[in-house]
Structure formats: C-alpha cells, structure tokens
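The values are calculated or read from the model by the stated rules, or taken from the named source; none is laboratory data. Just so it is clear, the structure is predicted and the values come from calculations on it, not from any experiment. Cβ coordinates were reconstructed from backbone atoms using ideal geometry, including for glycine residues, and neighbour counts include every protein chain displayed. Protein only, heavy atoms only, side chains kept; ligands, DNA and RNA dropped before computing areas. Shrake-Rupley method; radii C 1.70, N 1.55, O 1.52, S 1.80 Å.
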Amino acid sequence: MNWDDLRTVLALVRHRTLSGAGSALGLNYTTVARRISRAEDASGAVLFERLADGYRPTDAGLSAARHAEKMEEAELALSRDLAAGDETLSGPFIVTAPQLLIGPYLAAVLAAFKASHPAVELEIRATNDLLDLNRREADLALRISREPGDDLMGLRLATQETASFATPSLAAQIEADPKTPIPWIMHVSADAPPKKIDPRYPNNHILLRFDDMIPVLGATRAGLGVARLPMFLGRSEPGLVQIPLLAPQAYADIWLVGHRDIWRSAKSRKFREFLLPEFRARRSEFLG
C-alpha cells in the first residue's frame, strides 16, 4: 500500500464515512472510495464492512490504521523538526484565535507583521475550537484557558476578569428599580444566573442561552438582557455599559501557545515580537 492509500484507511477508521474521511483529507468521497479499494487490492484483505450507516473497519482494517497512525506521527514529527530549523521568513504560517479577540487586539498585530514580512503567507483560523497543534492544524494559538496545555509552550498574555454589561437604557431601568426582574443572556453551559449577584438586585432569571459568545453579545447589544462578559469585550462595545450587578470576577487567562518545535521557528519568534508588546501595553483593559 502506498502512503496516500494508507492515510485514507486511517481517516476512514476515524470518521466512519466516505464524506467524513474526505473532509478530513480535502478529497471528494469518490477519491476516498477509490483509494480504499486500491488499499484492499494491494493488501489482499477486506479492510472495511460496507454498512448502511457507514464503514466499519475489520480487524485487518484496524491493524492497517494502527500502522498508519505510527507513520503519521513520524511524518508530523519530521514536519515539526524541519519547521523548528526553518530560519526563512516566507511560506505558510497559521495562527488561530477566538473570533472576538481578532478585531480589537489581533488585527493591528497582523497588519504590522505582514507589512514587515510580506513573504509570509499568513492564515488566520478564527475559532474557539482547540486546534491540534501537534498535528499542525495551526502553528500558534491564542487561547482563553486556565493553562497552556499538555506538552505545549505557552506565554500568558493577559489575566482576565468578567463583569455585568447591558445597554444604557436597560442599565438605567435596573438602577431606577433594583427589584425589577432582570433577564440574563447566558452561555448554554450555565443553568442559573451568575453567582455573587449583588443582593440589592434579587429578581434574576435566564431569558436566553446561546452556544457561542457572539450571539450572547448580539442579544445583549439589542437590549434583550444583561450578560456577564470579559472586561475587554464589554468595554469594546460602544452600545454597552458596565452595571453593578456583579463585582469583577476572575476569568480564564489569555495565552499564546505552540508546539515546542514550532515555537523555535523564525516565523514564530518574529510573530511573538509583534504580539507581546501589544498585549503588554493593554493588559489593564482585561481587568476591572
């Protein structure tokens, strides 16, 4: 079996459908099917059972996938090792960051970095998902977390706090009558209004919950309720004001992280030279 076919076997074991494996590999499903058939012909074994709901690996398929995983790890290690010694300031470089940090804090850094190093093919993946830096889904990541993670190198960019924010009109209404019912806009992980609400404001309930902070911010900006937001986010929104329902509370820090091999590369070092001063100069914006 050639490596492309064996890699496809591994992807199909992981994702169980032709379309899922194709998405992971950047291939259409007919190419995946063709490669699987070619791998079975080359090995002389049936690697998958074709079922109505997907592909189930046989023992031979699982064995092939285990070997493919070792080959994949070796390939990734080689890629990281080569990148660590890369002193050129050109070619692809991927940074991932939460969407809400990009506009107010990362955009200026990206512009300055590109102006100084135009040959670097900078790509930004705006997501809260924890991309796999070992597998080089990104070269550097800005993460909101309690710690950088496992075997990654990390720098704490900022310590954060949260507070309560609302539109000026809703804030004025609550201030005028502290006993008025206070609707909260929350993330789906919350099953009750925030703890430690000032007891002067006793009537709190959850109005809406969202699975992402962008709609939480949008609903709050529309005046639907109060939200607990990171300081940088509430302060950067011109349509919101901080209200005294909650005293500032500790929140997860902002980190820059990367695989220790990639961390040593020239592109990673230069990017940090632009990023770190920006956050150091603005650390107070993240605290109450």
Packing-based ranking, highest mean first, of 180-192, 216-228, 266-278 given that Cβ atoms within 10 Å are counted: 216-228, 266-278, 180-192
Region 3-85 - convex hull of the alpha-carbon atoms, volume per residue in Å³: 84
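May I ask you to derive the FRET efficiency for Arg280 and Ala74 from their Cβ-Cβ distance with R0 = 25 Å, giving the value to the nearest 0.05? Intermediate values should be presented prior to the final figure.
On the way: r = 39 Å, r/R0 = 1.55.
Efficiency, rounded to the nearest 0.05: 0.05.
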Solvent-free Debye scattering, log10 I(q)/I(0), computed from the Cα coordinates of region 98-165 at q = 0.17, 0.21, 0.29 Å⁻¹: -0.77, -1.12, -1.45
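For region 1-87, what is the accessible area per residue in Å² when the probe is 1.4 Å? Can you show the working numbers first?
Working: 4890 Å² over 87 residues.
On a per-residue basis, 56 Å².
Ranked highest first by average number of other Cβ atoms within 10 Å, how do 47-55, 256-264 line up? If you can, show how the numbers build up before the last one.
Working: 47-55: 13.6, 256-264: 21.0.
Taking the mean over residues of other Cβ atoms within 10 Å, the ranking is 256-264, 47-55.
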Contour minus Cα-Cα distance for Arg66 and Thr159 (0.36 nm per residue): 29.3 nm
Bridge type composition, the chain - antiparallel percent by DSSP, nearest 5: 60
Dipole magnitude (debye, nearest 20) for the chain, charges at Cβ of Lys, Arg, Asp, Glu: 580
Base-10 log of normalised Debye intensity for the chain (one unit scatterer per alpha-carbon) at q = 0.08, 0.15, 0.16 Å⁻¹: -0.51, -1.08, -1.14
Label-point separation in nm, Glu147 to Ala172, each point 7 Å along Cα→Cβ: 4.8
Trp3, Trp255, reordered so the largest accessible area comes first (probe 1.4 Å): Trp3, Trp255
Gaussian network model of the chain, Cα within-10 Å springs - most flexible of Tyr251, Tyr29, Tyr201: Tyr29
Cα Rg, Dmax (largest Cα-Cα span) when computed across region 181-244, Å: 11.2, 30
Heavy-atom accessible surface of the chain: percent carbon and sulfur, 1.4 Å: 52
Prolate/oblate/rounded call for region 32-185, Cα gyration tensor, a/c under 1.5 rounded: oblate
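Quick check: with the 1.4 Å probe, what order do Leu233, Leu122 take by accessible area, largest first?
Leu122, Leu233
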Anchor Lys195: aspartates and glutamates whose Cα lies under 19 Å away (excluding residues fewer than 8 positions away in-chain): Glu161
Dipole axis of region 88-288 (+1 Lys, Arg; -1 Asp, Glu on Cβ), positive-most option in Ile214, Ser284, Leu106: Ser284
Angle between the chain longest axis and helix 107-116 axis [Cα atoms, degrees, rounded to 10]: 50
Set of aspartates and glutamates with alpha-carbon distance to Lys179 below 18 Å, sequence-local pairs under 8 removed: Asp198
Gain on full stretching of the segment that runs from Ile214 to Asn134 - 0.36 nm per residue minus C-alpha separation: 26.0 nm
